[in-house]
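Structure first, then comments.
Bear in mind these aren't lab numbers, they're just calculated from the coordinates by the rules spelled out. Just so it is clear, the structure is predicted and the values come from calculations on it, not from any experiment. When we count neighbours, we look across all protein chains shown, and the Cβ atoms used for this are built from the backbone with ideal geometry, even at glycine.
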Amino acid sequence: MIRKLIVAAGLASALAALAGCAGPPPPTYVDAFKGVYNTSAASVPADKPVTMRQPVGIIFSQNVEAYIGFVADTKAYWASVIPTTLTNTVAVADSDPTYFAGRVLGVLKSHFPDAQQVHDFNQAVASGKKSVCLIDLHMKPLEPYGDRTTRVDIDAYLFDAQMNPVSKLSGHGEHAVPFGSGNPGIQDSIDQALRALDARMAALVH
């Protein structure tokens, strides 16, 4: 799933930077817990210190899946209207999927060395996970003739050994893209968001 998300982030921003026409609309984001936990993510306190027992299970929200679907639609749309010779190689390099994967996994593994992805809380419990980190993502690609700012928000919802949500840690990054620039600033936005999230984890997760 992480690799799909990475490709999604890069394609959406890079393809949006290639042309002035609007492609498919971005996804409508839902509550981060929808479909996986029977309460609202809005009820989780922010930046509360928490003790995470390991091994930790990692769950991705429905917003991740929604974004993947958005990018699949976006890719199909632009492939139908933009020749491959017009590919923005700078944007493609900036959206290198291995970069996002390495940075996200690096942050998570630095705090939870034995962390593994699980589909839901039932699988987390069945596989012996002692706590869970649920990852939610909101990403807004730049709009070539609108808001030319790439924004990335990554939220980590931390669940204790009883699988109760106890803390929300967040990281935000953004990059304003000047007219004429072929770089959508994805890596810069990712770096900012992950630095903020990593700092919160270092200070608040034990």
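Label the range 105-206 by shape, choosing from rounded, prolate and oblate, from the square roots a ≥ b ≥ c of the eigenvalues of the Cα gyration tensor; if a/c is under 1.5 it is rounded, and otherwise prolate applies when a/b is larger than b/c, oblate when it is not.
Working: a/c = 2.90, a/b = 2.39, b/c = 1.21.
The shape class here is prolate.
From the cross-link list Lys34/Lys168; Lys34/Lys130; Lys109/Lys130; Lys109/Lys168; Lys34/Lys75, which pairs have alpha carbons spaced over 20 Å apart?
Details: Lys34/Lys168 16 Å; Lys34/Lys130 22 Å; Lys109/Lys130 16 Å; Lys109/Lys168 18 Å; Lys34/Lys75 26 Å.
Distance filter (> 20 Å) returns Lys34/Lys130; Lys34/Lys75.
Could you list Arg151, Arg195 in order of exposure, starting from the residue whose Cβ has the fewest other Cβ atoms within 10 Å? Before the final figure, lay out the partial values.
Values: Arg151 19, Arg195 14.
Going from least to most buried by this count: Arg195, Arg151.
In whole Hz and in residue order, list the ³J(HN,Hα) couplings for the range 136-141 that follow from phi through the Karplus curve 6.51 cos²θ - 1.76 cosθ + 1.60, θ = phi - 60°; x for Gly and Pro.
10, 9, 10, 10, 10, x
What's the exposure ranking of Val81, Val177, going from fewest to most Cβ atoms within 10 Å?
Values: Val81 10, Val177 21.
Lowest count first: Val81, Val177.
Sorted by average packing, counted as other Cβ atoms within 10 angstrom per residue and highest first, what order do 105-116, 180-191 take?
Working: 105-116: 14.9, 180-191: 20.2.
So the order, starting with the most tightly packed, is 180-191, 105-116.
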